[in-house]
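Peer 1: Encoded as structure tokens, here's the structure I'll be asking about.
The values are calculated or read from the model by the stated rules, or taken from the named source; none is laboratory data. Source: prediction; values computed, not measured. FYI the Cβ positions are ideal-geometry reconstructions off the backbone, even for glycines, and counts take in every protein chain you see. The accessibility values were calculated without ligands, DNA or RNA, using every heavy atom of the protein model including side chains. Shrake-Rupley method; radii C 1.70, N 1.55, O 1.52, S 1.80 Å.
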Amino acid sequence: MMLPSIPPILQKNYLNWKNATVLEWPPMSPDLNPIENVWGIMSRKVYENGGQFYSVNALKTAIESVWYNLEPEILQTLIMSMEKRVYNAILRNGKTLNLSTFC
């Protein structure tokens, strides 16, 4: 089931009503979203050695194989990089970082 999108103003009003503290978060910030790095890593692995797929099923199988065989160390490195990512985002006032330093 897909939930309906809630307009940002209603979200903000609700959080204010609940006295919730909301962190300032730069919009469109792939630096602060490690899954973006995971997608890049997976894409490189799926298409390494010039990989070509002639059916959706073959591509799906390749993606699933890469997903299930991701090394835990890669994910741990991304997780451990979050403190540095947040710190650097603050220093750069939310501007994009050089993501290659975290992969």
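Peer 1: So if each residue of separation counts as 0.36 nm, and I subtract the Cα-Cα distance between TYR47 and LEU15, what length gain in nm does that give?
Peer 2: Full extension of this stretch gives 7.2 nm more.
Peer 1: If you roll a 1.4 Å probe over region 30-92 with all protein chains in place, what percent of the accessible area is carbon or sulfur?
Peer 2: Carbon and sulfur: 59 percent of the exposed surface of region 30-92.
Peer 1: Between LYS60 and TRP39, what length in nm is gained on full extension when 0.36 nm per residue of separation is reduced by their alpha carbon distance?
Peer 2: Between LYS60 and TRP39, full extension yields 6.2 nm more.
Peer 1: Let me ask something else. What chymotrypsin sites (Phe, Trp or Tyr not before Pro) does region 20-93 have in DSSP loop regions with at most 15 other beta carbons within 10 Å?
Peer 2: TYR47, PHE53, TYR54
Peer 1: Size of region 30-92 along its principal axes in angstrom, Cα-based, largest extent first?
Peer 2: Its Cα atoms span 46, 22, 18 Å along the three principal axes.
Peer 1: For LYS84, go through the aspartates and glutamates and keep the ones whose alpha-carbon is under 12 Å away, minus same-chain ones fewer than eight residues off.
Peer 2: ASP31
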